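The block underneath contains the structure these notes are about, expressed in structure tokens.
What follows is calculated from the coordinates using simple rules that are stated; it is not laboratory data. As the structure is a prediction and not an experimental result, all values here were calculated from the model. Heads up, the Cβs are rebuilt from the backbone with ideal geometry, glycines too, and the neighbour counts pull from every protein chain shown.
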Amino acid sequence: MKIPDITIAVDGFSSTGKSTLARLIAQRFDFLYLDSGAMYRGVTLFAQEQGLISPDNVIDPALEAALEGLDLHFAQGTVLYMGERNIEKQIRSMEVSAQVSPIAAVPYVRRYVDRRLHEFSAAGRVVMDGRDIGTTVFPNAEIKVFMTARPEVRAQRRFDELAGKGENPVFEEVLKNLEERDYIDSHRETSPLRRAEDAFVLDNSEMGLTDEVAWAEGLIRGKFLLLDAPDAPAND
Ligand code: DC
């Protein structure tokens, strides 16, 4: 028996490995994976390129109308495109990371992203990661996971990721950016980052990926009592 066509929400703090876990769950159970943070990053890049956000984060109200013409979509699975352009690399830069939280706090930006996410997931069988998926975007998701880890552990992961991409990160700056984002994301008025009451918490400060996947798989199979299902992993 296979997992039914449900929605799985994976929320939590930055650099807790939400996308890695969500991707693996999607692969394991043949779900569509959607990265909602990439959409906020795409809008941020757009605002920067259009000159609609200043270096000190003042957002031009013209962004609202400009979003009507913005075509952000995923292709080749999880690669974000702006129109014809693959923007996957740019949206992961420090410049975009530094301004994404103020952009994501704007109500009309959130409405734009929510609408697109609902369009992308219309066919169902989706695992989506973000900050407000279990609370706002899909409050009825059948499975909700809330991920957390100590800030220093998360900053180290982000540092390694940036260094691996050839950027020259400074650890203190990465940690500062992460803590600022945590603060803005959890204190904004519209859809703040918080654990849905029915979300299961996963603190992976001291946990490896294999154990995380096993934990999530146990949660999902347990929910549907599929522990002896034929597609259960064979000794892995
Ligand atoms: O997961 P990420 O670091 O790529 O997300 C980038 C930013 O987008 C993050 O600082 C908060 C925002 N975000 C959000 O507000 N709501 C979501 N569902 C996903 C991301």
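Sequentially through region 50-59, phi angles give Karplus couplings (6.51, -1.76, 1.60; θ = phi - 60°) of 8, x, 9, 9, 8, x, 9, 6, 7, 9 Hz, Gly and Pro residues having no value and appearing as x.
Between residue 200 and 144, 145, 146, the built amide H atoms are under 5 Å apart, and every one of these is 5 or more places off in sequence or on another chain.
Secondary structure note: in region 1-134, about 45% of the DSSP beta bridges are antiparallel. If one computes P(r) from the Cα atoms of region 50-118, what percent of pairs lie at distances over 16 Å? Cα-Cα pairs of region 50-118 separated by over 16 Å account for 55 percent.
For region 103-192, the Kirkwood radius over C-alpha pairs fed into Stokes-Einstein at 4 °C and 1.567 mPa s yields D = 86 µm² per second. Sorting 6-13, 193-200 by their mean Cβ neighbour count within 10 Å, with the most densely packed peptide first, gives 6-13, 193-200.
Taking amide H atoms as placed 1.01 Å from N in the peptide plane, the amide H of residue 8 lies under 5 Å from those of 126, 127, 128, each 5 or more residues away in sequence or on another chain.
Computed from Cα atoms alone, the Kirkwood hydrodynamic radius reported for the chain is 18.4 Å. Remark: the chain carries a charge dipole of roughly 240 debye about the Cα centre, counting +1 on each Lys and Arg Cβ and -1 on each Asp and Glu Cβ. Taking 105, 122, 141 as the candidate residues, the one with maximal mean-square fluctuation in a Gaussian network model of the chain, Cα springs under 10 Å, is 122.
Search the structure for amide H atoms under 5 Å from the amide H of residue 88, placed 1.01 Å from N in the peptide plane, and list their residues when 5 or more places away or on another chain. The list, which skips near neighbours in sequence, is 80. Listed cross-link partners 144/176; 2/89; 2/165; 89/176; 18/89 are compared with a 30 Å cut-off, the Cα-Cα value being larger for 2/89; 2/165. Candidate membrane-span-like segments in the chain, meaning DSSP H helices with Cα atoms spread over at least 15 Å of their own axis and a Kyte-Doolittle mean of -0.5 or above, are 18-29, 36-49, 94-104, 209-223, with no membrane implied.
Listed values for region 137-146 are Karplus-derived 3J(HN,Hα) couplings in whole Hz (6.51 cos²θ - 1.76 cosθ + 1.60, θ = phi - 60°), namely 6, 10, x, 9, 3, 6, 10, 10, 10, 10, and x replaces Gly and Pro.
Summed over qualifying helices (DSSP H, 4 residues or more, each -39500 (n - 2.57)) and divided by its residue number, the chain shows a 222 nm mean residue ellipticity of -13500 deg cm²/dmol. Counting every C-alpha pair in region 1-133, the share spaced more than 25 angstrom apart comes to 24%.
With K and R counted +1 and D and E -1, the other residues having a Cβ less than 13 Å from that of residue 135 yield a net charge of 0. The alpha carbon centroids of region 42-62 and region 118-174 are separated by 22 Å.
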